[in-house]
Amino acid sequence: MPLHLIALAAAAFGIGTSEFVIMGLLPNVAQDLQVSIDVAGLLITGYAMGVVIGAPIMAIITARMPRKATLIGLASTFVLGNLLCALAPGYGTLMAARVFTAFCHGAFFGIGAVVAADLVPRHQRSSAIALMFTGLTLANVLGVPLGTALGQVAGWRSTFWVVSGIGLLAVAALAAWLPSRIPMQPGNILREFKVLRDVRVLWPLAASVLASAALFCVLTYIAPLLREVTGVSERGVTGVLLLFGVALTVGSTLGGKLGDRSLEVSLRRIFIGLLLVFLALSQAIYALAPMLVMTFIWGVLGFAVVPLLQTLIVDQAADAPNLASTLNQGAFNLGNAGGAWLGSMALGHGLPLTDLPWMSAGITAAVLLLTLWGTRYYGRGAGTTLAGQAGVLTPSRSDA
């Protein structure tokens, strides 16, 4: 693996650990800061919305900045945000620190994906992006369980101190291993905004929202599902989540390889596979062995779409790859929040936990239809052209 990809992956590991480790530390945080568990849970929502809001703002602010300086600055902001989390005297300041930290998240992954893709040959772009996102998946496999264990033993603040240290190492790696001069287009804010009128950019963003919503509609409630329906012990739930984290890592690598071969065909096939997985999961949740099998397949396919959609965005948004790539990170986080909210609404209206896979299957069916339409009329090989000064897209039917 090239050193610059190792540096990007290291930063991704730290950011991913910081984002997700709070889930395992919620009881500790709630008890220490004397708030209820549902109020503490808003720290997760606040972070996700910080990514959604901060992503386009940071992309525009950094449009004219050199890529290396931008990535180092964003990683340094992440370190500062986690130090503020460790020092937060109360719930309000912790929430503010979490939102502050989240502002760098979308821009780092968005710009980092563009840099990773631009520093390798074109036929290796998906693999390069997937390698960077391996840091995010490893955060779920190693960072989150280790950070949770540390927080339970030494206090939740100790986890944020360690994450800050990981961030400092990532900053040093970025400074040492990223090339000093990274090719970039001159920043133009008007051009960056105009790309949002391009259907070739809008449909992958919508697909990212829906794909993430389908994932988190079930994943948010996987622990009670495993405990109450499958009959898994509390310790067993940790083992299943570890298995799921390994599957995410495998899926990220697989998605990169498939994207290098045939990006859009792979995207369609994976969504078909995910639809079948959610339908099978609705039946597999009643017994441990089939649940473990389907959980692993679900994790592999669920994260294989991430580098595919990220690569598609970078390719389609040739006039504003940084903004579009960053917005895609906001789209994933919007889907995270939306999927969790849909699951919460369903359970709040009396639907059983066993209905959640059916809901995710419905969302996946919607994103599959969107992908079939988008790749047919507005994909990279669909002959799409810009028509008129209004920038309206006119699909060519030559090879549709």
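Taking the Cα centre of the chain as reference, the dipole from Cβ charges on Lys and Arg (+1) and Asp and Glu (-1) amounts to some 880 debye. Once the Cβ-Cβ distance of residue 227 and residue 36 is raised to the sixth power relative to R0 = 22 Å, the FRET efficiency obtained is 0.60. For the range 1-143, the solvent-accessible area of protein heavy atoms averages 34 Å² per residue (probe radius 1.4 Å; ligands and nucleic acids excluded). Does the range 110-224 come out rounded, prolate or oblate, given a ≥ b ≥ c as the square roots of the eigenvalues of its C-alpha gyration tensor, rounded meaning a/c under 1.5 and, failing that, prolate meaning a/b above b/c? Oblate shape, in that a/c is at least 1.5 and b/c is the bigger or equal ratio.
Helix screen, the chain: DSSP H segments with Cα axial length of 27 Å or more and mean Kyte-Doolittle hydropathy at least 0.5 are 3-33, 37-61, 67-87, 91-118, 156-177, 199-219, 234-284, 288-316, 356-377.
Highest mean packing first, where packing is the average number of other Cβ atoms within 10 Å per residue, the peptides 349-357, 266-274 line up as 266-274, 349-357. Once the 1.4 Å probe is applied to the protein heavy atoms, the range 223-366 comes out at 38 Å² accessible per residue. Per-peptide packing, taken as the mean over residues of other Cβ atoms within 10 Å, places 201-212, 244-255 in the sequence 201-212, 244-255 from highest down.
Computed on the range 14-159, with alpha-carbon pairs under 8 angstrom and 6+ residues apart, the relative contact order is 37 percent.
The residue 196 and residue 355 beta-carbon pair, evaluated with R₀ = 35 Å, returns a calculated FRET efficiency of approximately 0.50.
Need the C-alpha centroid separation for the range 75-93 versus the range 245-292, integer Å. Centre-to-centre (Cα) distance: 35 Å. Overall shape: oblate for the range 1-68, with the ratio a/c of the largest to smallest alpha carbon gyration tensor axis at 1.5 or above and b/c at least equal to a/b. Ligands, DNA and RNA left out, the 1.4 Å accessible surface of the chain is 68% carbon and sulfur atoms. Structural descriptor for the range 226-308: relative contact order 50 percent, calculated from alpha carbon pairs under 8 angstrom and at least 6 residues apart. When P(r) over Cα pairs in 20 Å bins from 0, in percent is computed from the coordinates, the matching label among (i) 24, 50, 21, 5, 0; (ii) 22, 38, 26, 12, 3, 0; (iii) 29, 59, 12, 0 is (iii). Each stretch of four or more DSSP H residues adds -39500 (n - 2.57); spread over every residue of the chain, this sum gives -27500 deg cm²/dmol at 222 nm.
Peptides 25-33, 130-138 ranked from most to least packed give 130-138, 25-33, packing being the mean of other C-beta atoms within 10 angstrom over each peptide's residues.
Note: relative contact order over the chain, using C-alpha pairs below 8 Å and six or more positions apart, is 25 percent.
Farthest toward the positive end of the dipole of the range 83-242, out of 183, 107, 134, is the Cα of 183, where the dipole comes from beta carbon charges about the Cα centre.
The values are calculated or read from the model by the stated rules, or taken from the named source; none is laboratory data. Not measured: the values here are computed from a predicted model. Note that each Cβ is placed from the backbone with ideal geometry, even for glycine, and that neighbours are counted across all protein chains shown. Only protein heavy atoms, including side chains, enter the accessible area calculation; ligands, DNA and RNA are left aside. Shrake-Rupley method; radii C 1.70, N 1.55, O 1.52, S 1.80 Å.
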